[in-house]
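Student: The following block contains the structure, expressed as structure tokens.
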Amino acid sequence: MQGKTLGELAKYVSGRVFGDPNVEIRSVGTLTKAEKGDISFLANEKYEKLLLTTKASAVIVGAETPNTTTNLLVAEDPYYAFMQIVVLLHGYRKHKKVGISPRAMISNSAKIGVDCHIHDFVTISDEAKIGNNCIIYPGVFIGEKTQIGNDCIIYPNVTVYEECKIGNRVILGANAVIGEDGFGFATHKGIHYKIPHIGSVIIEDDVEIGAGCGIERGTLGDTIIGQGSKLGDLVAIGHGTRVGSYCLLVAQVGIAGSTTLGHHCIVGGQAGIAGHLTIGNNVTIAAQAGVINNLTDGQTVVGAPAIEANLGKRAYSLLQTLPEMRQQMHDILKRLEKLEKR
């Protein structure tokens, strides 16, 4: 791998060097595991002490730190600068160009764009449309009349049901399922009757869907994943839910049907959101939180049921003292009984 000087990297990310601009950088690493020739980053000040012990040849920081002999690259956003450098030095995963495999089953009425690479045992159904420069890995199923945009990557064993719409530059992780029927039943006299789901799923541009996700089609309207949103592994999106643009949903999040998330929301791992709720813009929901009420713009909530973060921290800090408080209350009640008898 051809390296770059620290000065070249600083110019590339619009940063500046504090130290030797001629030191060669060949790879990247964490502060604790980086070696000579690596560059690391410091995005959280609580790890600043590691600047004294890291073996990295340089560290990306947000401000000059005179208490270190390590070469520094000062950037406005250290983590973003680190991402740019990782891409420059290592690039993204390379996809083998296989053309269209003769073992793929492609309907005569399907339309395939230019420079697509479709692997073995892919099934593309009637009237489906695949854009240009798409990579479709083995075992993928594309349903009837589904539309897929340009520059998409669909990893092995993904299933996309009929009449879904996938935008440009979308990544679908292995074993994801897009457009299955929602969990919708009408219970009559103790029997659960399946409700047909006649809506669809729309995934907008630059969305990434993690491995094993399930995104249900809408009962009547569409389920929508907004532009630039990223879903971790094993995320479940209920029928008719609308996820706004640039949201981050960490692994194992579950969102029930007909809920709306605004833009730039962050939902921590294993959090659950009840159905028919409205979540505002720039909302942060902590891991394993249980949301049962609407949330307004900018709120941060924790716990189950989810409450405002500062209140939640105070409330949960009392949990460890509850046994002692219970004993104190018991003692007070006994003393009161004695006083009443007197």
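Where a number appears in this text, it was derived from the coordinates with a stated rule and is not lab data. Since this is a predicted model, take the numbers as computed values, not measurements. Quick reminder, even Gly has a Cβ in these numbers, built from the backbone with ideal geometry, and neighbours come from all protein chains shown.
Student: What number results when the radius of gyration of segment 154-264, computed over Cα atoms, is divided by 2.2 N^0.38 Å?
Tutor: 1.03
Student: With springs only between Cα atoms under 10 Å apart, run a GNM on the chain and tell me which of Leu318, Leu51, Leu220 wobbles the most.
Tutor: Maximum among the listed residues: Leu51.
Student: May I pose another question? Report, in whole Å, the centroid distance computed from the Cα atoms of segment 37-109 and segment 1-35.
Tutor: Each part reduced to its Cα centre gives a spacing of 11 Å.
Student: Over the chain, what is the percentage of antiparallel beta bridges among all DSSP beta bridges, to the nearest 5?
Tutor: 15 percent
Student: Anything over 32 Å Cα to Cα? Flag those among Lys4/Lys129; Lys94/Lys194; Lys46/Lys313; Lys46/Lys96; Lys33/Lys94, in the order listed.
Tutor: Lys4/Lys129; Lys94/Lys194; Lys46/Lys96
Student: Can I ask one more? Give the cross-link partners of Lys55 among the aspartates and glutamates, using a straight C-alpha distance below 12 Å as the criterion and excluding same-chain residues fewer than 8 apart.
Tutor: Glu35, Asp38
Student: Sticking with this one: Quick one, which of [x] 31, 50, 19, 0; [y] 25, 42, 26, 6, 1; [z] 30, 59, 11, 0 is the actual P(r) over Cα pairs in 20 Å bins from 0, in percent calculated for this model?
Tutor: Working out P(r) over Cα pairs in 20 Å bins from 0, in percent from the coordinates points to [y].
Student: First select every other residue whose beta carbon is under 13 angstrom from the beta carbon of Gly184; then total the charges, Lys and Arg +1, Asp and Glu -1.
Tutor: Result for the local shell: -1.
Student: DSSP beta bridges in segment 4-90, what fraction antiparallel, as a percent rounded to 5?
Tutor: So the antiparallel bridges amount to about 35 percent of the total.
Student: Suppose R0 equals 30 Å. What FRET efficiency, 1/(1 + (r/R0)^6) with r the Cβ-Cβ distance, do Ser109 and Ile198 give to the nearest 0.05?
Tutor: 0.85
Student: Suppose every Lys and Arg Cβ carries +1 and every Asp and Glu Cβ carries -1, with no other charges. What dipole size does the chain come out with about its Cα centre, to the nearest 20 debye?
Tutor: That gives the chain a dipole magnitude of about 940 debye.
Student: Rank Ile202, Phe141, Ala309 by how far each Cα sits towards the positive end of the charge dipole of the chain (+1 on Lys, Arg Cβ; -1 on Asp, Glu Cβ) and give me just the farthest.
Tutor: Ala309
Student: Hey, another quick one. Sorting check: for 30-39, 153-162, 234-243, which peptide has the highest mean count of neighbouring beta carbons within 10 Å, and how do the rest follow?
Tutor: In descending order of packing, they fall as 234-243, 153-162, 30-39.
Student: Here is a further query. At R0 = 56 Å, how high is the FRET efficiency between Val87 and His330 if r is their beta carbon distance? Nearest 0.05 is fine.
Tutor: E(calc), rounded to 0.05, equals 0.35.
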